[in-house]
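What follows is a single structure, written as structure tokens, with notes after it.
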Amino acid sequence: MHSEFPLRDGLIYLNHAAVGVWPRRTADAVKAFAEENMVQGAADYPVWMKAERELRGRLQRLVNAATAGDIALLKNTSEGLSLIAYGLDWQAGDNIVSTDQEFPSNRIVWESLASMGVELRRADISGDDPESALLALIDERTRLLTVSSVQFATGVRMDLNRLGKACRERGLLFCVDAIQSLGAVQFDAQAVCADFVVADGHKWMSGPEGIALFYSTEQARDQLRLSQYGWHMVEAMGDFDPVEWSPAKSARRFEPGSPNMLGICALNASLSLFEEIGMDRVEKQLLERSRLLIDQILEHDQLELMTPASSGRYAGIVTFRHKGLDNNGHAALYRRLMAADIICAHRAGGIRFSPHFYSDCSQFEAVWETVFSQPV
Ligand SMILES: Cc1ncc(COP(=O)(O)O)c(C=O)c1O
């Protein structure tokens, strides 16, 4: 067992694509923060601000942002995507291109723009070449392409390099919901030519819910009209006297008021672990675990793999269906797995497993025994 993830005996946690597990150091940091608040309030506020700066630095390195000023700390992915959708200046007849597999956060907000005459085009990405399916929907009225880096249900991993370069060539904005990548696999916002990257910290980054990364390039964020204002988003933050003000040049302009210091304390601790280990090692170990699950699924004739098996096409999500079960049957299988302390999800009409880099592979046999423990 990994010393930073002392899961209780018997628990097999394969649900990091939903909500991850905190490392020991994060639990310790939050306990210490609670204790500190109880005995001395914010007497050491400068130390909290240091943690906030540290977190921005860690997130900058995690996505390879050009500067920490490209990072804003928001509540969640949906908030970030909404800032983009309601910040851009749309014209009736514009369109947005996306996939037909997006989590609702990356669909509903774009659909809501229909009242302004903006169309959301959703590519069928079930084939072998999802990028071509997306690029085929682009026309002269397309303003933005938005995708999840890894699809939440099937686990399909998109070729962000190809999409980002195509967007850059055509002058489109490229928006990535990276919640299923950050903390799981390496990510380089500049290399993939992303204009916006959004991700809450509670999945693979092993942080709490409610503290999210919002990355934007300077050129991209300058296109967003602001809709939230307060003391924290101005250039001269902390100077409470002047009557004149202007929005911060950095992405802090998207943070209107007091920061979520508790969330910052927790996510900062979690990311310190990923930095210590190195994202290259985290990725390697995670992909080994996903590969093992994929191979185990492929060994069984009764199972159908929903996740693409070719390398580069999957990350930490592995989803399968049992050929003898319908959707209700899978719901029952899901309940059986959960009752056996195998924490997973019922997605894409099948069962989704999402291990992390520290997962104990020797537990996987017990998982398959439970899957096959009842005749279909
Ligand atoms: C691809 C994707 N985007 C976003 C979210 C969650 O969005 P939010 O951070 O707004 O809760 C999920 C959660 O399952 C997801 O899988």
Which listed residue is in contact with a helix residue (DSSP H, G or I) (Cβ under 7 Å, 6 or more places away or on another chain) and not β-branched (Val, Ile, Thr), from Glu111, Glu131, Glu79, Glu119: Glu131
Which number in (1) in contact (Cβ under 8 Å) with a residue 40 or more places away in the chain; (2) charged (D, E, K, R); (3) over 20 Å from Ser216 (Cβ atoms); (4) within 16 Å of the ligand (Cβ to nearest atom) marks the one condition that Asp100 misses? (1)
In segment 159-178, the residues that are away from the ligand (no atom under 11 Å from the Cβ) and assigned to a loop (DSSP other than H, G, I, E, B): Asp159, Gly171, Leu172
Scan of segment 26-46 for residues that are surrounded by fewer than 11 Cβ atoms within 10 Å (Cβ to Cβ) and part of a helix (DSSP H, G or I), ordered by number: Lys31, Glu35, Met38, Val39, Gln40, Tyr45, Pro46
Kindly establish whether Arg122 is basic (Lys, Arg), surrounded by 16 or more Cβ atoms within 10 Å (Cβ to Cβ), assigned by TED's automatic domain parsing to the domain that holds Phe196 and farther than 30 Å from Ala29 by Cβ. yes
Those residues of segment 58-115 which are closer than 21 Å to Arg347 by Cβ and either exposed (fewer than 15 other Cβ atoms within 10 Å of the Cβ) or not assigned by TED's automatic domain parsing to the domain that holds Gly257 (or both) amount to Asp100, Pro104
Pairs where the first residue, in segment 187-205, is in the same structural domain as Ser105 (by TED's automatic domain parsing) and assigned to a loop (DSSP other than H, G, I, E, B) and the second is among the acidic types (Asp, Glu) and near the ligand (Cβ under 8 Å from one of its atoms), C-beta under 7 Å, 6+ apart: His202/Glu209
Name the one entry in Ala269, Ala251 that is buried (at least 17 other Cβ atoms within 10 Å of the Cβ), within 15 Å of Trp48 (Cα to Cα) and among the aliphatic types (A, V, I, L, M). Ala269
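Assigned to a loop (DSSP other than H, G, I, E, B), polar (S, T, N, Q) and either away from the ligand (no atom under 16 Å from the Cβ) or more than 26 Å from Ile277 (Cα to Cα) (or both): does that describe Ser3?
yes
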Since Leu134 meets every condition but one in (1) surrounded by 22 or more Cβ atoms within 10 Å (Cβ to Cβ); (2) within 11 Å of the ligand (Cβ to nearest atom), which condition does it not meet? (2)
I want to confirm something. Restricting to segment 103-131 and keeping residues that are more than 16 Å from the ligand (Cβ to nearest atom) and polar (S, T, N, Q), which single residue is farthest from the chain's Cα centre (by Cα)? Ser115
Among the residues of segment 9-25, is there at least one that is closer than 21 Å to Phe196 by Cβ and either assigned by TED's automatic domain parsing to the domain that holds Ala315 or in a loop (DSSP other than H, G, I, E, B) (or both)? no
Sort out which residues of segment 217-250 are in contact with an Asp or Glu (Cβ under 6 Å, 6 or more places away or on another chain) and not in a loop (DSSP other than H, G, I, E, B), and write them in order of number. Ala220, His232, Met233
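Would you confirm whether or not segment 345-361 contains a residue that is assigned to a loop (DSSP other than H, G, I, E, B) and more than 22 Å from Gln151 (Cβ to Cβ)?
For segment 345-361, residues assigned to a loop (DSSP other than H, G, I, E, B) and more than 22 Å from Gln151 (Cβ to Cβ): present.
The values are calculated or read from the model by the stated rules, or taken from the named source; none is laboratory data. The structure displayed is predicted, hence computed values, not measured ones. In this analysis, Cβ positions are derived from the backbone assuming ideal geometry, glycine residues included, and neighbour counts consider all displayed protein chains.
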